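The values are calculated or read from the model by the stated rules, or taken from the named source; none is laboratory data. Computed from a predicted model, the values in this text were never measured in an experiment. Here the Cβ is made from the backbone with ideal geometry for all residues, glycine too, and neighbour counts use every protein chain on show. These area figures cover heavy atoms from the full protein model, side chains too; ligands, DNA and RNA do not enter into them. Shrake-Rupley method; radii C 1.70, N 1.55, O 1.52, S 1.80 Å.
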Amino acid sequence: MDRFRSMPAENIGSFYDSMKPEVYDEMVRLINATESEQILAKILERTDLHADSEIYDVGCGTGLMGRLLHEQGFQQIDGMDASEQFVSEAMRRGHYRNCESFYLGEKQLPKERLGRYDLVTAHGVWVPNHMPAKAIIDCVDALKEGGYFITAMRSYLWEKGDSNGYRDMIDAVVEEGKLSILETGKFMRGVEGGNDMFAPQESMYFVARKPGPPQ
Ligand SMILES: C[S@@+](CC[C@H](N)C(=O)[O-])C[C@H]1O[C@@H](n2cnc3c(N)ncnc32)[C@H](O)[C@@H]1O
């Protein structure tokens, strides 16, 4: 996993294309990436979404978040990811209505995604050389008025002035009145031994909402 630290961010799709989906899934299990469960818990606790709510899972990977959502009864889940292989695999597993492959945070979001979703969610994407901070704007643009943005990241990345700029971008979007933060909280993830990227550490989730009446 150290390999992606030294590569251009735009190559992230080919990095994941080189990994077998089942190997990726096993890695997620081994590293105790508890963020998807935290995100799901907040979706169920803080929103009034229903089976037909429109959901966009950005950086969907092999579709682990989509599976959790589908198991809860959500039916209208779209996904996107930079890895063509992961997008095909996520579709094959049958939890998504539609999945497409592109790099988020560089070009404009496809116009059919703008203002469409009741919930945008993302797991495991706010990591160096993964989604750039600009992708946060796309997540907000994909929301309907009143729609929710619920995601999580390692706490050390949620710092003002951090070079990845996630916190600064969220603060800017909030200041512009395009998003309100309803709740943030902390939890632990990771396992002892091995790579320090996956060591036990604090993560934080946030629940945010686009202002305006729910549609
Ligand atoms: C750690 S994996 C998380 C995958 C999935 N969300 C999960 O829960 O298992 C990160 C994923 O984000 C995707 N990704 C990273 N940066 C991206 C970007 N800028 N645009 C689209 N996908 C991106 C990668 O291709 C990869 O599938």
What number of residues within the stretch 48-59 are within 13 Å of the ligand (Cβ to nearest atom) and open to solvent by 10 Å² or more (accessible area, probe 1.4 Å)?
1
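For the structure I just gave you, tell me whether HIS70 is more than 11 Å from the ligand (Cβ to nearest atom), outside any loop (DSSP other than H, G, I, E, B) and free of Cβ contacts under 8 Å to residues at least 40 places away in the same chain. Write out each step before concluding.
Working: more than 11 Å from the ligand (Cβ to nearest atom): yes; outside any loop (DSSP other than H, G, I, E, B): yes; free of Cβ contacts under 8 Å to residues at least 40 places away in the same chain: yes.
So HIS70 fits the description; yes.
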Could you tell me which numbered condition GLU89 fails, if it satisfies all but one of (1) more than 8 Å from the ligand (Cβ to nearest atom); (2) free of Cβ contacts under 8 Å to residues at least 60 places away in the same chain; (3) assigned to a helix (DSSP H, G or I)?
(2)
Expected single match for modelled with pLDDT of 95 or more, farther than 25 Å from LEU44 by Cβ and open to solvent by 70 Å² or more (accessible area, probe 1.4 Å) among GLU192, GLU176 is GLU176
Cβ-Cβ distance below 9 Å, separation of 6 or more or different chains: which pairs start in the stretch 44-66 with a residue that is under 16 Å from ALA208 (Cβ atoms) and basic (Lys, Arg) and end on one that is within 8 Å of the ligand (Cβ to nearest atom) and open to solvent by 10 Å² or more (accessible area, probe 1.4 Å)?
none
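Within the stretch 77-85, identify whether any single residue is within 14 Å of the ligand (Cβ to nearest atom) and within 21 Å of MET197 (Cα to Cα), and answer yes or no. Give the steps one after another, and end with the answer.
Pass one, the stretch 77-85, residues within 14 Å of the ligand (Cβ to nearest atom): 77-85.
Then keep just the ones that are within 21 Å of MET197 (Cα to Cα); that gives none.
Checking the stretch 77-85: not a single residue is within 14 Å of the ligand (Cβ to nearest atom) and within 21 Å of MET197 (Cα to Cα).
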Within the stretch 124-159, tally of residues that are within 16 Å of the ligand (Cβ to nearest atom), within 26 Å of PHE74 (Cβ to Cβ) and either open to solvent by 30 Å² or more (accessible area, probe 1.4 Å) or hydrophobic (A, V, I, L, M, F, W, C) (or both)
16
